[in-house]
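All remarks here apply to the structure that follows.
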Amino acid sequence: MGRYAFILAGGLGSRLCLLSERRAKPAVPFGGKYRIIDLTLSNCVNSGIYDIGVLTQYRPTSLNQHIGTGRPWDLDRSRGGVQILPPSLGSLQSDWYQGTADAIYQNLIHLRSRRIEQVLVLSGDHVYTMNYNVLYAFHVANGAAATVAVTEVPECDVSSFGILETDAVGRVTGFKEKPQQAASRLASMGVYLFDRDSLIRWLAEDAEMLDSGHDFGKDILPRLVARGERVYAYRFNPYWQDVGTLDSYYQANLAFLSDPPPLDLADPDWIIHTQSADRPPVRLEPGSRVERSMIANGCSVAGEVTGSVLFPGVTVARGAAVRDSIVMHDTHVGRGAVLDHAIVDKQVLVGDGARVGHGDDTTVNRACPDHLSSGLLVVGRGARLPEGITLGRNVRVGAGVVEQDFTGDVPAGGVVDGPESMH
């Protein structure tokens, strides 16, 4: 019997602000050379699952280009391999998936045509490494119809997750989606294992329900638990991080600078595969200083870099300083410029002497008050920052902004949007 996994990769990542306005959240660059979805794809192939459907919806172009034929993950196969599954345009109701369960329901043809007993349903936007074979063994041993992987989250975070209550043997007795308070701190990781035939039946039933949101967390799982189906919780204690907000994305990237890091990206037995461009080795010029940072291939550093993650092709000119920042591909930080607590998207030009993320004023951002309030500053893809400009904390600089879009220094909480920008 083969194994098959669906990866849900269509989410509108609005809480990642600028980073996911032009790309699906799983396609957001992560960890110096990867994209977020690389971890889930690598978990599959490292667990021996080579037959995968990736469900896309929202701005899938960069995700499609990244996955391509699937070769970096050994998924360019004549049987199985990876398939990108966008919503089928022209379907009866709508060309958008209504929810996570509806996305699978619209793709049931891929289950019916395969000789499998179970189907794995995964989220494409979490950072963790898991051997799914252990999950399969747990599912079979318990005679479960559905198994949900869970992890303990702090009390203050329960309202952000689906929270499960279980009995002594791990059978789920309660399931609440994003409760204000809960008796349990067991959060769903967005990793589900279903018996194939049961899942097909439940999805067909759910599709007929007019009052359903057609979502696993909000509708299907609470319904199954309420009527006593055999739903089990598989406890997962190692590192797992939902990188759905700017702050969690920033912290998860910088966590890899700690000793030891939360996940071993150098583990030869659990390689995180990705689509890598050929780039020359890192260059450290005379007088440069690099401390506690990750520097990807193709970078050239003549200034100083501390506590930061530099993606491929970043250049840091002489006298420039990059501190506690995430700087994506092919960005140039000009002479004497300073980046502090900044997330800078690809191909940005930081003018000489610019101060990006300056001062102690932490006025929240007026355009994205929910996402930009902790002091981080975000610069969109391809923006050009003028020489000598000062940008305060919690500033948002839109994609494609050019020097002429600035009327002067930008105080904390300010917004600079160019013609390409959108909210």
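The values are calculated or read from the model by the stated rules, or taken from the named source; none is laboratory data. Predicted, not measured: the structure shown is a model, and the values here were computed from it. Here the Cβ positions follow ideal geometry from the backbone for every residue, glycine too, while neighbour counts run over all protein chains shown.
Observations on the model:
- Hits in the stretch 58-76 (condition: farther than 21 Å from I271 by Cα and not in a helix (DSSP H, G or I)): Y58, R59, P60
- Counting only helices (runs of 4 or more DSSP H) that fall entirely inside the stretch 195-291 and contain at least 3 residues that are hydroxyl-bearing (S, T, Y), the qualifying elements are 246-255.
- For beta carbons closer than 8 Å, sequence separation of 6+ or different chains, a first residue in the stretch 357-370 that is farther than 21 Å from V344 by Cβ and a second that is surrounded by fewer than 12 Cβ atoms within 10 Å (Cβ to Cβ), there are no qualifying pairs.
- Looking only at residues of the stretch 147-186 that are small (G, A, S) and under 20 Å from the mean Cα position of the chain (by Cα), we find that the one that is surrounded by the fewest Cβ atoms within 10 Å (Cβ to Cβ) is S159.
- Of the criteria (1) buried (at least 22 other Cβ atoms within 10 Å of the Cβ); (2) touching a Lys or Arg at 6+ places or on another chain (Cβ under 8 Å), which one S123 fails: (2)
- Qualifying residues in the stretch 382-397 (those that are of a type outside the set (A, V, I, L, M, F, W, C) and either at pLDDT below 95 or not in a loop (DSSP other than H, G, I, E, B) (or both)) - the one surrounded by the most Cβ atoms within 10 Å (Cβ to Cβ): R396
- Scanning the stretch 32-55 for residues that are hydroxyl-bearing (S, T, Y) and either in a helix (DSSP H, G or I) or touching a strand residue (DSSP E or B) at 6+ places or on another chain (Cβ under 6 Å) (or both) returns T40, S42.
- Residue that is farthest from R235 (Cα to Cα), among those in the stretch 184-201 that are without any contact (Cβ under 8 Å) to a residue 40 or more places away in the chain and out of contact with any Gly (no Cβ under 8 Å at 6 or more places or on another chain): R201
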